[in-house]
Amino acid sequence: SPSLPPHDPWLSGYAISYYYFGFLLVAMLARLAGTAGSVAFNLGLSLVFALSAVGAYGVLYDLRTEDGRRKTEDGRRKTEGRGLWTALLAPFFTLIVSNLGGLLHLLHGKGVFWRQAADGGRVSAVWRWLDIGRYAQPPTGELFPHWWWWQASRVVQDFDFNWANKGDVIDEFPFFSYLLGDLHPHVLAMPFAFVMIALTLNLFFGGADGELRWPPLRVAPRYLALAAVLLGGMAFLNTWDFPFYVALFAGAYILRRQVVDSGRPSAWKAGRDFMAVAFALGFGGIFLYLPFYLGFSSQAGGLLPNHLYVTRGVYLWLMFAPLLLPVLGYLVWKARRPGFDFRLGLKVTAALVAVLYALALVVTGLIAVLPAFARLDPRAMIAPDAFLASQAAPGFWPLILEGLRRRLTVPGTLLTVGALLVLTLGWLWPRREPQPDQESDASGRFVLLLVLLGALLVLVPEFVYLRDMFAYRINTIFKFYYLAWLLWALAAAYAVARLWEKQGWLFRGSVVLVLALSLLYPAMGLWSRTHGFRPDIWTLDGAAYLARFNPDEYAAMEWLAEAPLGVVAEAVGGSYSGFARMATHSGQPTVLGWEFHEMQWRGGTKEMGNRKADMRRLYCAPSWPEARDIIALYDIRYIVVGSLERSAYTPSDECPAGLSEAKFARNLPVAFQQGGVTIYQTTSGR
């Protein structure tokens, strides 16, 4: 792109409507190094993995080093080396440890819990009860079918009013992302997430102490400014992360003041300081990156109440068991030490749940009364019915009552998260004065803050979720759970490092067992994705398969990549297919790429207009004047005619004569031709 924001390669004439800072950083490195995009993609993925490993290691190393500090006889602080090797647990838990999807797949593939029915088919009460994607169907006999590893990122399921499965909910975890090669913002933001956690840890350890006169905060102004720059960058990298890291930073500040002031501040003062820090960072972070927000639009459209989509406990434990087990073990061990206030933790947890449920009820009521505002917006008249229809609910009261019933009969997630909250809040906010050993346990208190934020990330989607075009929690769970994984992975690594020598065989054996089960997925997934570790297919070039299997198309892409900037016309088709391949591999903007993805990024079809139909007319209409008008309308410079165009525009009701290439050959010069691929160049786009 000649300027910023970069052009959208799948929607010519528009800039990218996405949080693209991570892409920009990788692209800058690729341009400076003179590296092709198809190679830079894989190098970028490797770089992000490595930086994330280093970042996670650094955070746990600092935590363990603080644990090793002790006072000498002269009152000075001395550090004992504790973190060098145990800190390796952080990248291990964060990037390698996986959910129990591998175990689930192995049991299903081996036919465990299936039996022969009277009609000859196979049935299973266990797999029907789980009702997870392909695992609800009988095994085919093939242990590793195509893309079997995908299902592990979809173990959470949502069900409508009639218990009909809404479809898979995205619950990616880091190893899956790298196995897939998913260089998306949630992955690109990972190294910077650990930078933010490290910055917050430094604040908590006292590295930011100072005076800020307005608001009256005890933090160095330059440190707050640095935090605003980094936090604002998180919004540019992966917007969903921004508010949660603001909350983490503000929470660490409150805990820091609690330690320094040697006591628990009043709830009012703590709330005031929390909001002051959050406002300063939130406002500063947005202001510093204001140009990004001016051109940004999203499908997210506010909050919706969640009554029916209650995460079953079995799904939560399939997803997080390798992290939850050591974390809960650590919390139980810590709760047995002086200073823990169980009653306070229980009261605050109950209050949090009550507030979230009240919020769900309030939002439900607001949706129910929307027709009263139909004069302001006609869509308000149909909003309640659309909301109920999306969940197959007959009315608001049945919806609320069914939600209550599910929370009582499927309480696993609420009980698990409630236990985490009680055990963390009872220690983070004790009624008593700090015990003599609490200052030396600063690392443990920070880890409790990580656990607390992770628990809130899991709890909130049980009551509200973000409104988007999918009408259920598919994206909310994805973003919230992914961040919870990063926080809990650090906490789990710390828990194992801290308790390994303190606990007996029960803790050690349980941790080893659950970790062994979680490593089934990486082992089998790597074997499948590398086709049995075959070195003959290994390459860093993500476009090498095109050069091997479709050299004519590859040559056309290479030519376009070096050609002057201009709009490309090519066949329009569905997502996760070969369509939009010229724009994808050359960087030239096409009239329309994957339509459904553009709908998600922009929250509707307004910008796309009639582009799909116009591309069909361009290729199908035998009339040159009609084609010329479309070329002028979209300022098209290059028209691609290849195998995909010929297969997409065959004779049909919408394309009676099929693809009409003759009009291009008669009126336009050929800019590129090889085999069955021709690129015509117009006088537009100059």
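Brief remarks on what is shown
- The H on the amide N of Ala563, modeled in the peptide plane, is under 5 Å from the matching H of no residue at least 5 residues off or on a different chain.
- Helix-only arithmetic for the chain: the sum of -39500 (n - 2.57) across DSSP H runs with n ≥ 4, divided by the residue total, places the mean residue ellipticity at 222 nm at -17000 deg cm²/dmol.
- With the charge dipole of the chain set up from +1 on Lys and Arg Cβ and -1 on Asp and Glu Cβ about the Cα centre, the Cα lying farthest toward the positive end among the listed residues Phe342, Tyr18, Val591 is that of Phe342.
- With the charge dipole of the chain set up from +1 on Lys and Arg Cβ and -1 on Asp and Glu Cβ about the Cα centre, the Cα lying farthest toward the positive end among the listed residues Ala455, Tyr289, Ala613 is that of Ala455.
- Tail fraction, Cα-Cα pairs, segment 285-377, threshold 22 Å, whole percent: 64 percent
- Across the chain, the mean sequence separation of Cα contacts (distance under 8 Å, 6 or more residues apart), normalised by length, yields a relative contact order of 18 percent.
- Taking amide H as placed 1.01 Å from N in the peptide plane, the amide H of Gln674 sits under 5 Å from none that are at least 5 places away or on another chain.
- Here segment 136-179 and segment 459-475 have alpha carbon centers that stand 18 Å from each other.
- Rounded Å value of the spacing that divides the Cα centres of segment 265-329 and segment 580-602: 31 Å
- Within the same chain, lysines fewer than 8 places from Lys502 are excluded, and of the rest, those with a Cα less than 17 Å from its Cα are Lys334.
- In this Cβ point-charge picture (+1 for Lys and Arg, -1 for Asp and Glu), segment 569-674 has a dipole of about 140 debye about its Cα centre.
- Fraction of accessible area attributable to carbon and sulfur, segment 602-675 (%, probe 1.4 Å): 48 percent
- Counting only protein heavy atoms and using a 1.4 Å probe, the accessible area of Ser528 comes to about 30 Å².
- In sequence order, segment 148-153 has phi-based couplings of 4, 5, 5, 4, 4, 8 Hz under the Karplus curve 6.51 cos²θ - 1.76 cosθ + 1.60, θ = phi - 60°, and Gly or Pro positions carry x.
- In the set [x] 29.1; [y] 36.4; [z] 32.4, the label that goes with mean projected area of the Cα convex hull in nm² computed for this structure is [y].
- On Cα atoms only, tilt of 21-33 relative to the major axis of the chain in degrees: 70 degrees
- Helix axis angle, 37-67 relative to the chain longest principal axis, alpha carbon, degrees: 0 degrees
- In a simple Cβ point-charge model (Lys, Arg +1; Asp, Glu -1; nothing else charged), the chain has a dipole of about 1980 debye relative to its Cα centre.
- Segment 583-658: trypsin sites (Lys or Arg not before Pro) falling in loop per DSSP and having at most 11 other Cβ within 10 Å: Lys606
- Our note on the geometry: Cα centres of segment 89-112 and segment 226-263, 32 Å apart.
- Within the straight-line cut-off of under 20 Å between alpha carbons, the lysines reachable from Lys269 are Lys347, sequence neighbours fewer than 8 places apart in one chain being disregarded.
- Antiparallel beta bridges, as assigned by DSSP with both residues in segment 546-686, represent about 65 percent of the total such bridges.
- Each Lys and Arg Cβ is given +1 and each Asp and Glu Cβ -1; about its Cα centre, segment 115-259 then shows a dipole of about 440 debye.
- Percent carbon-and-sulfur accessible area, segment 221-347, ignoring ligands, DNA and RNA, probe 1.4 Å: 72 percent
- When the solvent-accessible area of segment 1-151 is split by element, carbon and sulfur atoms take up 62 percent of it, the probe being 1.4 Å.
- Calculated accessible area for the chain comes out at 45 Å² per residue, all protein chains present (probe 1.4 Å; ligands, DNA, RNA ignored).
- Extreme residue, positive dipole direction of segment 93-223, given options Met190, Thr94, Val156 (C-beta unit charges): Thr94
- The lysines whose alpha-carbon is closer than 30 Å to the alpha-carbon of Lys663, local same-chain residues fewer than 8 away aside, are Lys612.
The values are calculated or read from the model by the stated rules, or taken from the named source; none is laboratory data. Keep in mind that this is a model prediction, so the values were computed, not measured. We place every Cβ from the backbone using ideal geometry, glycine too, and count neighbours over all the protein chains shown. For accessibility, only protein heavy atoms count, side chains too; no ligands or nucleic acids. Shrake-Rupley method; radii C 1.70, N 1.55, O 1.52, S 1.80 Å.
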